[in-house]
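The values are calculated or read from the model by the stated rules, or taken from the named source; none is laboratory data. Here the structure is a predicted model, which means the values were calculated and not measured. Here the Cβ positions follow ideal geometry from the backbone for every residue, glycine too, while neighbour counts run over all protein chains shown.
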Amino acid sequence: MVFKRLLGALGVGGPSVDTVLSTPTVRPGGQVLGRVELVGGGRDADIAGITLHLVARVEVEHDDQEGTALAPFATAVVAGPLTLRAEERRSVEFSLPVPYEAPVTAIAGQPLHGMTVGVLTEVDVDGGRDKSDADALTIEPLPLQQQVLDAFTAAGFRFRRADLESGYIRGTGQTLPFYQEIEFAAAPQYAHACSEVELTFLSKPFQTEVVLEVDRRSGGFGHGGDVINRHVLDETAARKDLAATVDEWMRQALQRHTAHDGSHHYGSHHQDGDHRSGPGMGAVVGGAVAGAAVGFVGGMIVDEVVDEVVDEFFDDED
């Protein structure tokens, strides 16, 4: 479903904008296709350009308080300067690449509660109030990601929740300024030793890095606390039954004398792992996460006008 949100006019008789997604459901590494529909008002309007952003609502911490922020994680300029005549209708087609690290918002057709990702359209109108539109986007897992999720489910792990955390997981190939955690309650055969596990997918064109965080129970099974292991699956893993792989991951994480986190590449190298880092508030500017990862130079992409659109869009999604 496309969520249409038009802002107020640019003064009297200003133009309006509506973005229509031809592909409201995509996968990481895919393309969002669609068009931006412009309708002229009662007078001509000079438009400096049209820019699209993929945005997500991300959990952040600041001064020991938790909140959410708008995090752009991909951007594309889809039109340069143009003049929109009075009452003219113009359609601008676009293709917006989806990063391989994009978060999953639905599994097996079921939306993940609390996961909000959308396409934000900004139309820069010279000498007037900019126009914006926000549209919901569904991102489904890559086949290899789905295989991993299916293997955990088949082993008896029960899905709990998913969220997006601002920050970076040290020692990984992460490129976006946030990461997704998909949380499962422990399967019965592991419940004596752990309470839950969290999965993070960091995918690339030919491999997927799986960060597995296991919350170990303390007591007779060794030291409690979180254990974080990293495992890299390449294309050959997609042709295998991953049930045994998941069991191996869990046994490694629950070993009595685990000294440090580990990294395991299925088919190649092995290196030490590292822990997840906390939110980097230097990347959070005025409620938006900005930075070189998405090509922004230290400025906000969300002004008062865009805030109105995005806030209402997020409220609709909730």
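Side notes on the structure shown:
- So Gly49, is it over 30 Å from Phe206 (Cα atoms), free of Cβ contacts under 8 Å to residues at least 24 places away in the same chain and assigned by TED's automatic domain parsing to the domain that holds Leu120: no
- Under the condition of being closer than 23 Å to Gly173 by Cα and surrounded by fewer than 19 Cβ atoms within 10 Å (Cβ to Cβ), the residues counted in region 102-143 number 2.
- Region 114-137 - residue that is of a type in the set (Val, Ile, Thr) and out of contact with any helix residue (DSSP H, G or I) (no Cβ under 6 Å at 6 or more places or on another chain) and, of those, nearest to Ile47 (Cα to Cα): Val125
- Residue check, Glu101 in a loop (DSSP other than H, G, I, E, B), on the phi > 0 side of the Ramachandran plot, assigned by TED's automatic domain parsing to the domain that holds Arg35 and of a type in the set (Asp, Glu): no
Residue by residue, here is whether (1) among the small types (Gly, Ala, Ser); (2) modelled with pLDDT under 95; (3) touching a His at 6+ places or on another chain (Cβ under 6 Å); (4) closer than 20 Å to Pro99 by Cβ holds:
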position	(1), (2), (3), (4)
Val197	no, no, no, no
Gln207	no, yes, no, yes
Ser218	yes, yes, no, no
Gly225	yes, yes, no, no
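- Condition check for Pro99: at pLDDT 95 or above and touching a helix residue (DSSP H, G or I) at 6+ places or on another chain (Cβ under 8 Å): no
- Qualifying residue in region 81-88 (condition: surrounded by 17 or more Cβ atoms within 10 Å (Cβ to Cβ), hydrophobic (A, V, I, L, M, F, W, C) and assigned by TED's automatic domain parsing to the domain that holds Asp44): yes
- Thr200 satisfies every condition listed in (1) out of contact with any Asp or Glu (no Cβ under 7 Å at 6 or more places or on another chain); (2) within 20 Å of Pro111 (Cβ to Cβ) except (1).
- Val125 within 20 Å of Glu198 (Cβ to Cβ) and in the same structural domain as Tyr100 (by TED's automatic domain parsing): no
- Being within 16 Å of the chain's Cα centre (by Cα) and of a type outside the set (D, E, K, R) is a property that does not hold for Pro188.
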